[in-house]
Amino acid sequence: DDGPFPYRDYEAARASLRRALDDGHVFAAVFGPSGTGKSSLARQLSLDLALGSRSQLVYVSSASASAFGLVNTLARALRVRPGRSSLETAQLLAAALKTAPVRYVLWLDEACQVRVEVLREVRVVAEADLAAPQILSVVLSGLPELQKTLDAPELFPLKRRLSLRCRLSGLGRDELDAFLAHRFGSAAPARLSSEQKAELFERTEAIPALVHKAVRFALARAGSGPATDALLREAFDAL
């Protein structure tokens, strides 16, 4: 199964975000190393919100996260015709957000790679209507370094508005067998020894994507038999 494995950190973040978004608009952040499922969480949350919620998620990656690209992406999502300038488009967008029948959620992925001035613009758009405290929810998602990015003096107004911070640290040791069964079938956990699992957990730092790659490499070369220590070492070298 290539779908996300519902490990504790992941499910806790999913539940916390859903509760916060059901309650109203929010500024939130999701921190985690690459491979812990931040993008999968965005997709899952989008599906969750589509089922009986008054919220709709708009996903933006750092690749298109200029101030102009950000405003235009939101405008397209709300079917707002862009104005002659980014400022005019932002004003039209604010009017549309204020009267929209659903609450919109901007998920800004890889936010640690986004320029400070663009992150600052995110807050401005979310609070563009003086008659309301907030017209758009914002979720910043990125590597742990995002916490340092938010320490920039220019981003203090944004940082202090973050009412929810979720951290994806990876699998718990007691979740490893369930993860292996989820990804490779019920027989997979028995194909690795306890010692191999301990090394796997340590060498991959429990990051789901790395665990998956290492085990897939070793089991594919082991055929139908157990994974050998040599194959597992090859898998670590390949990573």
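Quick notes on this structure:
- Beta bridges per DSSP with both ends in the chain, % antiparallel, nearest 5: 0
- You can think of it this way: the chain between GLU202 and VAL116 has 27.5 nm of extra reach, that is 0.36 nm per residue less the Cα-Cα gap.
- What the Cβ-Cβ distance of ALA222 and ASP151 gives, at R0 = 45 Å and to the nearest 0.05, is a FRET efficiency of 0.45.
- Only alpha carbons enter this Debye calculation for the stretch 96-239, each as an equal point scatterer, and the log10 of I(q)/I(0) it gives at q = 0.14, 0.19, 0.20 Å⁻¹ is -0.75, -0.99, -1.07.
- For the stretch 44-133, averaging the sequence separation of C-alpha pairs within contact (under 8 Å, six or more residues apart) and dividing by the residue count gives a relative contact order of 35 percent.
- Alpha-carbon Rg/Rh ratio, for the stretch 20-156, with Rh computed the Kirkwood way: 0.94
- Which listed pairs, of LYS38/LYS213; LYS159/LYS213; LYS98/LYS159; LYS98/LYS148, have C-alpha distances above 25 Å, in listed order: LYS159/LYS213; LYS98/LYS148
- For the chain, the relative contact order works out to 25 percent when only alpha carbon pairs closer than 8 Å and six or more residues apart are counted.
- In plain terms, the chain is cut at each of the GluC sites (Glu not before Pro) found in a DSSP loop with at most 14 other Cβ atoms within 10 Å, and the longest leftover piece is 1-144.
- Note that the stretch 37-52 has calculated 3J(HN,Hα) couplings of x, 5, 5, 4, 5, 4, 5, 5, 5, 4, 5, 4, 5, 6, 9, x Hz, one per residue in order, obtained from phi through the Karplus relation 6.51 cos²θ - 1.76 cosθ + 1.60 (θ = phi - 60°); glycine and proline are x.
- With all protein chains kept in place, the per residue accessible area of the chain amounts to 50 square angstrom at a probe of 1.4 angstrom.
- The chain - percent of accessible surface contributed by carbon and sulfur, probe 1.4 Å: 51
- Based on C-alpha pairs under 8 angstrom that are at least 6 apart in sequence, the stretch 146-239 has a relative contact order of 22 percent.
- Tilt relative to the chain, helix 229-238 - C-alpha long axis, 0 to 90 degrees, to 10: 30
- Fraction of the pair-distance distribution of the stretch 1-78 above 14 Å, Cα-Cα pairs, percent: 67
- Against the main long axis of the alpha-carbon atoms of the chain, helix 208-222 sits at an angle near 30°.
- Model label points for ARG160 and ALA131, set 7 angstrom from Cα along the Cα-to-Cβ axis, are 2.7 nm apart.
The values are calculated or read from the model by the stated rules, or taken from the named source; none is laboratory data. What you see is a predicted model; the values in this text were computed from it and never measured. We place every Cβ from the backbone using ideal geometry, glycine too, and count neighbours over all the protein chains shown. For accessibility, only protein heavy atoms count, side chains too; no ligands or nucleic acids. Shrake-Rupley method; radii C 1.70, N 1.55, O 1.52, S 1.80 Å.
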